[in-house]
Amino acid sequence: MKNSVSEKEWQAAMEAFREKEKAFTRQRDALNAERRRLPVTPITKDYRFSGPQGEVGLVDLFADKKQLIVYHFMFARSPCNGCAMMVDNMGHPAHIRARDTSLVLISLAPLEKLEAFKQRMGWTLPWYSSADSDFNRDFGATRDNGEMFGLSVFIREGEDIYRSYFTSLRGVEYLGSNFSFLDLTPMGRQELWEDSPDTVPQTPPYQWWRFHDEYEEQ
């Protein structure tokens, strides 16, 4: 290898690079703190979706949680392999639900196509069809050249729903872990070390973690 060096030289290079990584982590933490303080905008249209239990509204997708993360999965004609890779890398949703947050998929395709592909892939995430609504277009997941992938974040107060965040294209590349998803929400990971608004409930880090089949017991 052309870049092979002694262990001492390698250690020195690693320590120098680690300082840059730590600086990047601190910068990301500051960006997440700023995101948690972004303004929100109310949702006034009554969006309807098709799900396994029939027609539902946007508030139903929260499943009694305060926050909702929606991944806009491209599936107008056929499933997007990049979106499928994204879902394959998503962590177990029980950890996100433990922080008062729901995660769902929404696509333009009819429900029967979504259900068939979900079974093929072995996924358990809730998946809804927006085929009969303006949801995709209104939220940046449909453009003049067709369907787009992306991720929207919502928060609610009772029945009132607000949109807090949206990202697409390379903005979704690093997502997939439970932590990276929670970092996008107005309440974050809800841990004491985070710089969050005073209204966000927080607990010590690590202590809320459970095996994914144990959360309901707490």
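Bear in mind that the values in this text are calculations on the coordinates, not laboratory data. This one's a predicted model, so the numbers in the text were calculated from it and none came from an experiment. Every residue, glycine among them, receives a Cβ derived from its backbone with ideal geometry; neighbour counts consider all protein chains shown.
Quick notes on this structure:
- PHE75 long-range amide H proximity, modeled H, under 5 Å: LEU108, ALA109
- All lysines inside 27 Å of LYS66 as judged from Cα atoms, apart from same-chain residues fewer than 8 positions distant: LYS45, LYS118
- Here is how the number arises for the chain: DSSP H runs of 4 or more residues each give -39500 (n - 2.57), the sum is divided by the residue count, and the result at 222 nm is -8500 deg cm²/dmol.
- With a Förster radius of 25 Å applied to the beta-carbon distance between ARG77 and SER180, the computed FRET efficiency rounds to 0.30.
- Candidate lysines for bridging to LYS8, where Cα separation is under 23 Å - those fewer than 8 sequence places away on the same chain excluded: LYS20, LYS22
- Computed magnitude of the charge dipole of the range 36-217 (debye, nearest 20; Cβ of K, R +1, Cβ of D, E -1): 480
- Listed by Cβ neighbour count within 10 Å, with the fewest neighbours leading, LYS65, LYS8 appear as LYS8, LYS65.
- Taking amide H as placed 1.01 Å from N in the peptide plane, the amide H of LEU103 sits under 5 Å from that of ILE69, each at least 5 places away or on another chain.
- Ranking of PHE181, PHE117 by neighbouring Cβ atoms within 10 Å, starting from the fewest: PHE117, PHE181.
- The simple spin-label model puts a point 7 Å past each Cα toward its Cβ; for GLN11 and ALA63 those points are separated by 4.8 nm.
- Span from the the range 1-73 Cα centroid across to the the range 155-218 one, whole angstrom: 9
- Efficiency of FRET between THR167 and ASP213 - r from beta-carbon atoms, R0 25 angstrom, step 0.05: 0.20
- The range 36-217, relative contact order [Cα under 8 Å, separation at least 6], %: 27
- Shape class of the range 7-54 from the alpha-carbon gyration tensor: oblate, with a/c at 1.5 or above and b/c at least as large as a/b.
- For GLU191, residues with placed amide H under 5 Å, excluding near neighbours: THR203
- Listed from fewest to most Cβ neighbours within 10 Å, the set ARG156, ARG189 follows the order ARG156, ARG189.
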